[in-house]
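Structure first, then comments.
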Ligand code: G6P
């Protein structure tokens, strides 16, 4: 396939979720919202003049309407994939199968079940990937670099390679990668198709060596190795400049006042901020906190667990049930232990970035205990932002453990008793030690800022390969 005559993009990024989304207002006009995150700041590092294009999916009705009306931003191309195809690809395959495989989330005695319904959804996943590959093939200049993101788009590198052999194609996984024994659960033909799809890239990026090694092991197991594709590790770090500036703006200061009021004067805080995501282990975090209050009654009235659990993927029943369980358990702890003047758990579910930063700033302890996580940026952000230097209780199953393990209190995320003890240890850590550790955590967390993370990949992709 030849690039279309006006194909000018030299650098292309492809991801399911793009940098902008649209809402239809009451008066019928469209309002745009810009998202944040590592990719957005990463791409901005190549400068406004670069011929860059971000290809993403229309996710909401507002997005689809924007595509239909031809509303959009320079440098962003949104794909209007039919809603039913999109739902099958995103909810059915990407989030219910691939996310579950890489995070090892299945209750294996009863799931997964790869039946005719799954095959139907898989066909949608293929056509959703094909839509991306075709759009990229059409828009990329001769020899351009294309950076494909994440498990939603595993088949794109192979499809794009077939259409445009001249391109430099990279793919980056923001998730863990499943070990071969777990990956074997996938039907053989689909496992092969996924790996061969990925191997269509010149270079595959991962957040840690652990995930890169798992990918290579799956390739050895299923498709006889990597062929000519390279793997690389790029441990995305926190954006210190942005975070420190943003965390001292007026709206954050306001929320600090409100949050301190909710917590109560003089009390310690254990802070967590997550999407309400099965892999984040919020329920065991609450159980650990409850065990702390049981075993160490001296903490009652003196500590508050500030837990922000923002709704995610609510089209999936299992996520809705998990969200409800988090809320139920928080209420149970509050009614079982709370007093007229003390609410042990302050739980908020409405997404508010300024309030998250406020919680980071007042944190004495940050609890990051996922059962499995590609990186976990919260673990990297809190030590950077916290006013007095917080202690970090960190799961050894988070990618961030590789870089932060030395100065965190490391836990097995399944071990509620050990986590309760780590919380106690964190709360009793001398202030000076806490501050010193937080300083080192913060340095490690910001070693590879998003801009450099992005440029490193781009340079590696454009450099001599093989
Ligand atoms: C993870 C994935 C991202 C995804 C994000 C939010 O971090 O690696 O690709 O965008 O979760 O999930 P959502 O389904 O809301 O896009």
Using the alpha-carbon centroid of each, what span in Å lies between segment 234-303 and segment 355-393?
7 Å
For segment 240-446, which semi-axes, largest first and in whole Å, follow from the square roots of 5 times the eigenvalues of its Cα gyration tensor?
22, 20, 19
Provide the percentage of antiparallel DSSP beta bridges, counting only those with both residues in the chain; round to the nearest 5.
10 percent
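Take 177, 342 and order them by how many other Cβ atoms sit within 10 Å, fewest up front.
By the 10 Å Cβ count, ascending, the order reads 342, 177.
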Counting DSSP beta bridges with both partners in segment 240-446, what percentage is antiparallel, nearest 5?
5 percent
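If contacts are Cα pairs under 8 angstrom and at least 6 residues apart, what is the relative contact order of the chain in percent?
15 percent
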Relative contact order for segment 240-446 using alpha-carbon pairs under 8 Å, separation at least 6, rounded to a whole percent?
24 percent
Can you tell me the orientation of helix 188-198 relative to the chain, as the angle in degrees between its alpha-carbon axis and the longest Cα principal axis, to the nearest 10?
80 degrees
For the chain, how big is the tail of P(r) above 35 Å, as a whole percent of Cα pairs?
33 percent
Once the Cβ-Cβ distance between residue 233 and residue 261 is put in as r, and R0 is 35 Å, what FRET efficiency do you end up with, to the nearest 0.05?
0.20
Any chance you could run the full-extension gain for residue 325 through residue 34? It's 0.36 nm times the residue separation minus the Cα-Cα distance, nm to one decimal.
101.7 nm
Taking 25 °C and 0.890 mPa s as the conditions, I'd like the Stokes-Einstein D for segment 244-331 in µm²/s, using the Kirkwood hydrodynamic radius from alpha carbon pairs.
167 µm²/s
How large is the Kirkwood hydrodynamic radius of segment 173-288, counting all unique pairs of alpha carbons, in Å?
18.1 Å
If neighbour count is taken as other Cβ atoms inside 10 Å, put 280, 431 in order from fewest to most.
431, 280
Could you calculate, for segment 1-136, the ratio of the Cα radius of gyration to the Kirkwood radius, expressed as Rg to Rh?
1.02
Tell me, what is a quarter of the convex hull surface for the C-alpha atoms of segment 211-268, in nm² with one decimal?
7.9 nm²
Ordered by fewest other Cβ atoms within 10 Å, a rough proxy for footprinting exposure, 154, 288 read 154, 288
To the nearest 500 deg cm²/dmol, what mean residue ellipticity at 222 nm is calculated for the chain from DSSP H runs of n ≥ 4 alone, each contributing -39,500 (n - 2.57), summed and divided by the residues?
-13500 deg cm²/dmol
Using a simple spin-label model with points 7 Å from Cα along the Cα→Cβ vector, what separation in nm is obtained for residue 317 and residue 123?
2.4 nm
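Any read-out appearing in this document is the output of simple, stated calculations on the displayed coordinates, not a laboratory observation. None of these values were measured; they are calculated from a predicted model. FYI the Cβ positions are ideal-geometry reconstructions off the backbone, even for glycines, and counts take in every protein chain you see.
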